[in-house]
Each structure stands twice: as structure tokens, then as C-alpha cells.
1. Roughly what angle does helix 133-146 make with the longest principal axis of the chain, taking Cα atoms, 0 to 90 degrees, to the nearest 10?
2. Could you work out how far apart the two model spin labels at residue 222 and residue 102 are, taking each label as a point 7 Å from the Cα in the direction of the beta carbon, and quote it in nm?
3. Which ordering of 78, 252, 285 is given by a fewest-first count of other beta-carbon atoms within 10 Å?
4. What FRET efficiency comes out for the pair residue 258/residue 155, r = Cβ-Cβ distance, R0 = 30 Å, nearest 0.05?
5. Give the residues of region 249-282 whose amide nitrogen is closer than 19 Å to a point set 7 Å from the Cα of residue 344 in the direction of its Cβ.
6. Can you tell me the orientation of helix 17-31 relative to the chain, as the angle in degrees between its alpha-carbon axis and the longest Cα principal axis, to the nearest 10?
7. If the chain between residue 131 and residue 335 were fully stretched, how many nm would it gain, using 0.36 nm times the residue separation less the Cα-Cα distance?
8. Once you place label points 7 Å from the Cα toward the Cβ at residue 324 and residue 73, how far apart are they in nm?
């Protein structure tokens, strides 16, 4: 089968879970005898360095105003040329821009993957999500209506799509993600001594401030214990002020990461805490499991679906629950060892090969069963419309 992936995620993201998903998917599909084209020309994404699957070059190696917009425009032109040629069986856009539906290009059957509905669920609580909200929701509606098939990365995300957009159950197929990270005992992870690991972005729904405030009594009691924040960028001024106010500045550190470094951090941590208020899937859960790192996860959205019985769960809004579960792991090495074993067992239930095989079946069904969906789009009736609600409240002016 000939599969076309477009430029979007590789233009907009240098590193991250979604670009990893499409990289691993294309790699597995190619290994099983399929022909995958990636219509990306300019990219600094880490995964496009793999010349076996990508033929890219770095855009102008200096920053200037409008650089990102120009790069995106040029990459979109390349993707449109691939689409016009039509030398593929199915098209799989890598993000939510519906640019190809706004032109005279009529792609062959296409499949769209939905990773989460953060904008729809959290726009009221986190005003930064209001940026381009009208465009975001408009694109998603168009894609959901016109897609031959829809992939959701978890049953939790599938339920969200059905709830917010009224899409019928039979049009959404769940394919869980995976992690190819492996344990790494040696290296820099050991220099921090005893530490709790926090991975990724820290703002908004990631709930870092709540977590660090909750765990502060343990840090104050155990002066040798640290919290290592992997990735997510340097601490902001507000975060530094919070750490200073709590009196734990010296015990909370932030480090830059790549996959090798992150594996070392997981492998040497006492345990990993994922206090997020919402995840579409939660790849860090499987990364921790693969590295033998005991995990404490929020009891919301997709995290129980991914973690199963292999993690301790917290109410991410309850300081006392967060603290109590962290104390349980800190003071009980046997409990940590037990959950480390459970995590390793649970991780075996997820693989990129399985993800790719399920996705290939979805492609085959889309080609066979729904060749005319673009001519007769599926009608969707959103049950919750964030854009209309924002207009009513005056956040968006038509």
C-alpha cells in the first residue's frame, strides 16, 4: 500500500509525542512492506534526521521575523504537489490543518488521528488556549466531517470526540500508542541522588504547580530528596518564585533531555509522577514502565486506561492524596519494586508494531468501504461548541 503523510507536525514541532507517533508508524509500515511518503522538505524535527524515511533539509539556519510562517508556507506547497500527483492509496495528515480541503485538490480517502481534545475541554480554565480557537475548531469540524475514517489514540479520546462533536461510534477506531524507550542504568541520571521524576511541559493542565506544592512537605522533611523536571524548558519567573516561596529551590532542578538522557533519568529515579489533569494517551507512562520506573498517575482521562493495575493513582486536585502516594513510594522500597515489575509486564501489552498493524487495517477498510465520503461528507452535530460559547461571552468577535 502507498501511504502519504504530510508536512504539518514536522514543520511545527522539533520534538514531541505526535511526531514520534508518525515516525514510528511510518517506520513499522515500511518494515512490513508498505510504501510511505513524507511530504516534508524543510524541517529541524529530530525524527526527520533519519534519512531512510525522510529527505529534508534545515531551513535558513538563523532566526528572523516570519521564519516559521515562511517555512510552513513552503512545506505546504510541497505537500500540495504530492497530493496533486495522486500517487498514493491513502492520505494521513499529521495534524489538524484542513488546508487540503480548502483547495481544488481532492485527496483520495484520508484518515485523521485525534490525539486529544485539550482546546475543547480546557479553554475556559486556561486562556492561552483561546489563541486561534476559531480556526482550531473549524479545522477539526471539517476534518471530522470529511475524513474517511477517524483514529483515536485511546478510548478516552474516542469518548471525548463523540461527546464534543457528536461523531458516531462506528466511525472512530482506537489504536493505542507505544514506547520504544529501553532502560539505561548508567550515566547522568545518577548524579542527582534520590529524586522524583517529572517529565515534559509544566504549565496549565499539566498541573505542575499543584504537584510541587503538594509534595513540598516531603521535600522539606527529606533534605536529600530532589524533584528532577525533564524537558519543558527552563523554569519561568513565576515557577522560580513559587519554588522560592516554598523554600525548595535547591531541591527542584530542570534539565534538558534527548531520548538517551531521558531513559537514564527514568531508570535511576525513585519514581515518576504524572499529575496531569488530562492526557489523550500518555506516552511517558509507557516510557517509565519500559525503564523499570515505578509510576504515580492521575486517575483521569486516558491514564488509567494506559497504566492499568501497574501504577498508583492520585486525585490530581487533592494535595493530601498526592503527598500520601509519594510518601508511600518514598518510604517503601518493596512497594516500588513491586510496581516496577508490574509496569514492565504492562508495557509488553503495547507495541508500535501492533499500532501499525491496526492502522493498516483501518487504511484497508477506508479504501474498500468509503471511496465517496468526500463527495458526500458525514454530517456531524457538535454537542458542545466552544467557539459559539466564546462568542456568546464576548471572547471572540465575529
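Quick note: the coordinates plus some simple rules give every number you see, no bench work behind them. Since the structure is predicted, the reported quantities are computational estimates derived from the model, not experimental observations. Cβ: placed from backbone, ideal geometry, glycine included. Neighbour counts: every protein chain shown.
1. 60 degrees
2. With each label point 7 Å from Cα toward Cβ, the separation is 5.2 nm.
3. Neighbour counts put them in this order, fewest first: 78, 252, 285.
4. Details: r = 31 Å, r/R0 = 1.04.
Calculated value: 0.45.
5. 263-272
6. The helix 17-31 is inclined about 60 degrees to the chain.
7. Roughly 69.0 nm would be gained on extension.
8. The modelled label-to-label distance comes out at 5.8 nm.
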